[in-house]
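Notes to accompany the following structure.
The values are calculated or read from the model by the stated rules, or taken from the named source; none is laboratory data. Since the structure is predicted, the reported quantities are computational estimates derived from the model, not experimental observations. Heads up, the Cβs are rebuilt from the backbone with ideal geometry, glycines too, and the neighbour counts pull from every protein chain shown. Side chains are part of the model used for accessible areas, which takes the heavy atoms of the whole protein and leaves out ligands, DNA and RNA. Shrake-Rupley method; radii C 1.70, N 1.55, O 1.52, S 1.80 Å.
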Amino acid sequence: MSKTLSLKNEFLRKSIHVCNSIFAYSLFYFNQQDFTIIIALLTLLILLFEVLRNISPMINLVFKKFFGSIIRDFESLGKLTGASFVFISTLILLLFFDKYTCIFAILVMSYSDTVAALVGKKYGKTKIFNKTLEGSLAFFIVGCIIAILIHPNIDLYNAILAVLFATIVESLPLKIDDNLSVPMSIAIFTNII
């Protein structure tokens, strides 16, 4: 049976998720190339930890003691956590996209996804696959606000279309973690148009 997080635990999980925005804000202070090296090293460390927690019952027990109330079922069953996908997607963004595309994609991943989950959990009534229309609308609205705030460093029209595309991607029952699919869809769509 799949564990559904309580609103309190979902809020705690998403509070951590919002902290990922530090990666976007760091790009205002660090050279992208230097920051990419830092994120690459951190990504290797978090992936090493993922391997260790999956082969060592003791490490996994400590991990579950601290994070058990906020992890999804599949994350406790030997799969990568959402945090790992945040690092992986941030690294891919930094390697292949310009500074402002990275900032935009990371902020949408951090804030839009957070608000969508909380709004969907609290007010969601209309189901779309395993998401809610209310959560998806919140995702889109927050993404558009981010686009407006980051404009003129990105094209506003393309950014809003990218947010619409990411909203659709996020609502689909894909086998890809949304911490990877959302920022990638934002970055790719922003740069295609």
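Values for this structure:
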quantity	calculated
Tensor-based shape of segment 1-123 (alpha-carbon gyration tensor, a/c under 1.5 rounded, otherwise prolate or oblate)	oblate
For peptides 106-119, 21-34, sequence by mean Cβ density within 10 Å, most packed first	106-119, 21-34
Accessible area of F165 in the full protein assembly, 1.4 Å probe (Å², nearest 10)	80 Å²
Prolate/oblate/rounded call for segment 43-193, Cα gyration tensor, a/c under 1.5 rounded	oblate
Ordering of 78-88, 124-134, 57-67 by packing [mean C-beta count within 10 Å, highest first]	78-88, 124-134, 57-67
Y100 accessible area, 1.4 Å probe, all protein chains in place, Å² to nearest 10	60 Å²
Solvent-accessible heavy-atom area per residue, rounded to whole Å², over segment 1-142 at 1.4 Å	56 Å²
Whole-percent carbon and sulfur share, accessible surface of the chain, 1.4 Å	72 percent
Net lengthening on full extension, T126/V62 (0.36 nm per residue, minus Cα-Cα)	19.3 nm
